[in-house]
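Quick note: the coordinates plus some simple rules give every number you see, no bench work behind them. It should be emphasised that the depicted structure is a prediction, and the values quoted were computed from it without experimental measurement. Quick reminder, even Gly has a Cβ in these numbers, built from the backbone with ideal geometry, and neighbours come from all protein chains shown.
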Amino acid sequence: MKNHLLALKDFSKQQLQSLIVRAMRLKNESREGKRHQQLAGRTICLLFEKPSTRTRVSFEAAMYGLGGQVIFMSTRETQLGRGEPLKDTARVLARYVDGIVVRTFGQEVVEELARYADVPVINALTDLYHPCQILSDIMTVIEQKGAPENLKIVWLGDGNNMANSWIEAASVLGFPLTLACPEGYGPDTAVLEAARARAGQPITLLRDPGEAVRDADVINVDVWASMGQEDEQEERLRIFRPYQLNSELLARAAPDAVVLHCLPAHRGEEITEEVLEGSRCVAFDQAENKMHIHKAILDSLLGGAA
Ligand code: CP
Ligand code: NVA
């Protein structure tokens, strides 16, 4: 059965909530020393066209942790790099493995793979979305602060793949979201409009970072130049400077606000060393939760026990 995870908008509130609940349960069970084997005999292929530390290792650790096996392929080492069509690659890989986890540039790449692969395709980051990351981020928010609908959650900086997936999560799960992005660097317009049409809670786009973080419970930051935007690094450094999360900006948030960063972090750019290493930053809990969320996703899509 086809059952892909390409974008959060494709899921219901109940489905996203149940993935997070499943991840929390798997996390507790592993802390108690329980060994999982529900994906024994199953194999996934990771097909990555961009670098990764956390997503690659946490997907691999998740699959092994459920008793399964992993084959990692960097796209440039495959025939895709020499022009073999995606639709052929998808149909071939689906004959060998039980799921394909893809990190690439265009969202249309994961969509085409999903169209042709007869096994689940999971989006491990595209230029448009980073859906699995946002699920682990919301899990971290719930652990730290409780239900997101009762919180002021803020996205600060670039309206990038992470921002787009936060917007979709807010619209599906039904929590308010405030974004502050420089002019010309807002989230994808179509994603924002569709999410606003779906949402029961406001999704607010501001310019002023100080206004956005006022009384915030959760502040999210990410790099100013994403993978593939290296040529724009210098210009972005100049434009995004007022959006740096430093102690002064953080002081405007609620006194017990938490700071999220999906990592990798560029200290001295989007976040200062002091804030990243400070007691309010939960970036390493977020990083751990990626593995638990990936276990829940694999368990759910590959048909493990509920
Ligand atoms: N947060 C995240 O996706 O990190 P990697 O690029 O290291 O996978
Ligand atoms: N927005 C960043 C996220 C990295 C995990 C990027 O796409 O590079």
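A few notes on this one:
- The calculated FRET efficiency for the pair residue 197 and residue 69, based on their C-beta separation and a Förster distance of 30 Å, comes to about 0.10.
- Directionally averaged shadow of the stretch 38-126, computed from the convex hull of its alpha-carbon atoms, nm²: 5.1 nm²
- Unsatisfied cross-links (Cα-Cα over 29 Å) in the set 9/34; 50/290; 87/295; 34/145; 9/152; 50/152: 9/34; 50/152
- Fully extending the segment from residue 28 to residue 280, taken as 0.36 nm per residue of separation minus the present Cα-Cα distance, adds 88.4 nm.
- Choice from 123, 164, 246 with maximal GNM fluctuation in the chain (Cα, 10 Å cutoff): 246
- If the Kirkwood radius is taken over C-alpha pairs of the chain, then at 25 °C and 0.890 mPa s the Stokes-Einstein diffusion coefficient equals 125 µm²/s.
- Full extension of the segment from residue 82 to residue 239, taken as 0.36 nm per residue of separation minus the current Cα-Cα distance, would add 52.8 nm.
- J(HN,Hα) series, the stretch 146-154, from Karplus relation 6.51 cos²θ - 1.76 cosθ + 1.60, nearest Hz, glycine and proline x: x, 4, x, 5, 9, 10, 9, 9, 10
- Relative contact order, percent, the chain [alpha-carbon distance under 8 Å, six or more residues apart]: 21 percent
- The phi torsions of the stretch 119-136, fed into the Karplus equation with coefficients 6.51, -1.76 and 1.60 and a -60° offset, translate into couplings of 9, x, 10, 10, 7, 9, 2, 10, 4, 8, 9, 9, x, 5, 4, 5, 5, 6 Hz, rounded to whole numbers, with Gly and Pro shown as x.
- Label sites at residue 118 and residue 150, each approximated as a point 7 angstrom past Cα along Cα to Cβ, lie 4.9 nm apart.
- Dmax and Rg, reported as Rg then Dmax, of the stretch 103-196 (C-alpha, Å): 14.1, 42
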